[in-house]
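J.: Below you'll find the structure I mean.
The values are calculated or read from the model by the stated rules, or taken from the named source; none is laboratory data. Worth saying up front: this structure is predicted, and the values here are computed from it rather than measured. Note that each Cβ is placed from the backbone with ideal geometry, even for glycine, and that neighbours are counted across all protein chains shown.
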Amino acid sequence: MARHGNAEQPQRSCLGCRTSKDKQDLIRFVLSPELEILPDLDSKLPGRGAYTCQNRTCLIKAVAQKQFKRAFKQDVHTMPSEALAEHVRRMLYERIIGLIGLANKAGSVTGGGSMVTDALRSRIKPGLVLVATDVSEAIGAKIVTLADVNHVPQRTILVKEDYGAILGKAPRSAIAVKSGGFVAQLLKAIDRYRNFLGEV
């Protein structure tokens, strides 16, 4: 069912809370040929879809109440609720890692607290700043404040070792991503991940 107006978006109901939302704001699941429930984060897999909100609580509730069986109108094979939630969390996490890796290969990433600070003070600002969750409070606050002052979107996500591993270097307290297509993709992936964890 779609809403009327100039920007119609297909609507679907969450199997967990039954709230209707735009399809793009939900997580889609499909059935494999073996009747296994599979997450379809890109909404590209063929077949009928079933949906939950972008949070683990709704997914766990949907599994516990056997809502996937009702949605697909047949017996299905589903992981235990916690295992399926962890599987989805990992997929969302790996999406972020993959996008940062692609941005780095494209030469769009600057890594390290001092380099990110310099980028925020330069004439051409980065499009996005990502701060490690385990950065020192002083360094993290400094980078976040600089980003806010310069109207650069910022998120606190991943840990220093993650950034270092992606860049093939020592741990990094923060990274900056150049303006461009990767920024919108990363913001969407990060916010989706944080929503799933209940952080937003």
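J.: Taking the options ILE96, ILE139, name whichever one is surrounded by 15 or more Cβ atoms within 10 Å (Cβ to Cβ), of a type in the set (Val, Ile, Thr) and modelled with pLDDT of 95 or more.
T.: ILE96
J.: Sticking with this one: Could you tell me which numbered condition ARG70 fails, if it satisfies all but one of (1) in a loop (DSSP other than H, G, I, E, B); (2) exposed (fewer than 14 other Cβ atoms within 10 Å of the Cβ); (3) more than 20 Å from the chain's Cα centre (by Cα)?
T.: (1)
J.: Just the residues that are in contact with a Phe, Trp or Tyr (Cβ under 9 Å, 6 or more places away or on another chain), polar (S, T, N, Q) and outside any strand (DSSP E or B), please, taken from the stretch 52-62.
T.: Across the stretch 52-62, the qualifying residues are GLN54, ASN55.
J.: For the list (1) surrounded by fewer than 12 Cβ atoms within 10 Å (Cβ to Cβ); (2) closer than 20 Å to TYR193 by Cα; (3) touching a Leu at 6+ places or on another chain (Cβ under 8 Å), I need the number of the one condition that LEU84 fails.
T.: Result: LEU84 fails condition (1) only.
J.: Which residue out of ILE166, ILE143, ILE157 is among the aliphatic types (A, V, I, L, M), closer than 13 Å to THR110 by Cβ, in contact (Cβ under 8 Å) with a residue 60 or more places away in the chain and in the same structural domain as VAL109 (by TED's automatic domain parsing)?
T.: ILE166
J.: Shifting gears a bit: Between residues in the stretch 56-71 that are assigned by TED's automatic domain parsing to the domain that holds LEU15 and residues that are hydroxyl-bearing (Ser, Thr, Tyr), which pairs lie under 6 Å by C-beta distance while being six or more apart or on different chains?
T.: CYS58/THR52; LEU59/THR52; ILE60/SER81; ALA62/THR52; VAL63/THR78; VAL63/SER81; ALA64/SER81; PHE68/THR78
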